[in-house]
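The block underneath contains the structure these notes are about, expressed in structure tokens.
The values are calculated or read from the model by the stated rules, or taken from the named source; none is laboratory data. A quick note: this is a predicted structure, and the numbers were derived from the prediction, not measured. Here Cβ is always computed from backbone atoms with ideal geometry, including for glycine, and neighbour counts include all displayed protein chains. SASA here: full protein model, heavy atoms, side chains in, ligands and nucleic acids out. Shrake-Rupley method; radii C 1.70, N 1.55, O 1.52, S 1.80 Å.
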Amino acid sequence: MTNLREGFAGKKRIIVKVGSSTITHDTGRLNYYRIEKLVREMADLENEGHEMILVTSAAVSAGMDTLGLTKRPDSIRQKQALAAVGQGVLMHVYERIFREYGQKVGQVLLTRMDMQDRKKFMNSRNTLLAMIDMGIIPIINENDVVAVDEFKIGDNDTLAAMVSGIVEADLLILLSDIDGLYTANPQTHEDATIIPVVEEIDKALFDIAGGAGSSMGTGGMYTKIQAASIATAADVDMIIALGSEDGIIRRICKGEPVGTLFKAKHNHLHAKKRWLVSGSKPMGNIIVDAGCAKALMDHGSSLLPVGITS
């Protein structure tokens, strides 16, 4: 069997997404040990010549810690207030540790509007690429402070996948509290085994994840598969791996068989199609004739006006 991770050491532009569970303790307070390990790995890979980008969660957790709260509020306004406090705290922690390892960082806060609007998409893209060219590691989060429901991306797995399309990343790594995609929920099925490689994302894969409304749903495996469908469509390889494991990012970049790899579709998309894949919110229905449906499904052909019936 062909080694699908061969050549990973040559991947230059790498996005690492880290979830709240990876960089906070069970108490909800920041886990400085894990943050320092994460930063050291990314800083060292940057020194090797990689272009590193960090997408991070935990702004609300950082705000709770600062204000001495032990329970996450239900109110959206209170969560946004906590995010306003926590963003500064979290960024200060990252900036201080990255600086200790000789790296410059800059904060970027995004909403879905920055993805959906073509002009804002290009502005975001140009800013991120300029930062990378200047040797600045972008630290990205959703702008929870001002985002309202209709403009929220909702989870940082999806945000990271969208960013991978914006900057034309070579690799997206989602660090999680689980070491990959399993054949079933490993918490309830002892015989569940990890799926090392996914080359096609279909309904069966989402069924394994348990659906959006399950305990493994929002913020869990379901959103990670949704993220994989965005990233791979934009020609970006994506890996889900265990965030608590020391050296995990370096192991992935060396091509070691850890986690679950979602293979890119190798569509060489120009900027406008990357915007459509990464930023646009699908709505409405297009009805096509049988010949068009066959061409789309069997051969991945482009949609032509002649095949549209309504």
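Structure data summary
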item: Subset of the range 99-142 [polar (S, T, N, Q), farther than 18 Å from residue 16 by Cβ and in contact (Cβ under 8 Å) with a residue 60 or more places away in the chain]; result: 116
item: Counted residues, the range 85-94 - those being over 16 Å from residue 68 (Cβ atoms) and touching a residue at least 24 places away in the same chain (Cβ under 8 Å); result: 5
item: Meets criteria (among the β-branched types (Val, Ile, Thr) and open to solvent by less than 10 Å² (accessible area, probe 1.4 Å)) for residue 76; result: no
item: Any hit, the range 141-149, residues being small (Gly, Ala, Ser), modelled with pLDDT of 90 or more and assigned to a loop (DSSP other than H, G, I, E, B); result: no
item: Members of the range 276-288 that are crowded, with 17+ Cβ neighbours inside 10 Å and modelled with pLDDT of 80 or more; result: 288
item: Test set (1) over 19 Å from residue 161 (Cβ atoms); (2) at pLDDT 90 or above; (3) touching a Gly at 6+ places or on another chain (Cβ under 9 Å); (4) surrounded by 12 or more Cβ atoms within 10 Å (Cβ to Cβ) - residue 291 fails condition number; result: (4)
item: Yes/no for residue 127 being modelled with pLDDT of 90 or more, hydroxyl-bearing (Ser, Thr, Tyr), more than 21 Å from residue 35 (Cβ to Cβ) and outside any loop (DSSP other than H, G, I, E, B); result: yes
item: Some residue of the range 5-13 being surrounded by 20 or more Cβ atoms within 10 Å (Cβ to Cβ), touching a residue at least 12 places away in the same chain (Cβ under 8 Å), of a type in the set (D, E, K, R) and closer than 16 Å to residue 137 by Cα; result: no
item: Any helices (runs of 4 or more DSSP H) falling wholly within the range 1-112 and containing at least 2 residues that are among the polar types (S, T, N, Q); result: 20-23, 59-67, 76-100
item: Residue in the range 161-180 that is closer than 27 Å to residue 33 by Cα, modelled with pLDDT of 90 or more, open to solvent by less than 30 Å² (accessible area, probe 1.4 Å) and assigned to a loop (DSSP other than H, G, I, E, B) present; result: yes
item: Any chance residue 132 is modelled with pLDDT of 95 or more, out of contact with any helix residue (DSSP H, G or I) (no Cβ under 7 Å at 6 or more places or on another chain) and either surrounded by 15 or more Cβ atoms within 10 Å (Cβ to Cβ) or of a type in the set (Phe, Trp, Tyr) (or both); result: yes
item: Hits in the range 14-54 (condition: closer than 30 Å to residue 73 by Cβ and either of a type in the set (S, T, N, Q) or surrounded by fewer than 17 Cβ atoms within 10 Å (Cβ to Cβ) (or both)); result: 20, 21, 22, 24, 25, 26, 27, 29, 31, 32, 33, 36
item: Filter pass, residue 200 being at pLDDT below 90, acidic (Asp, Glu) and assigned to a loop (DSSP other than H, G, I, E, B); result: yes
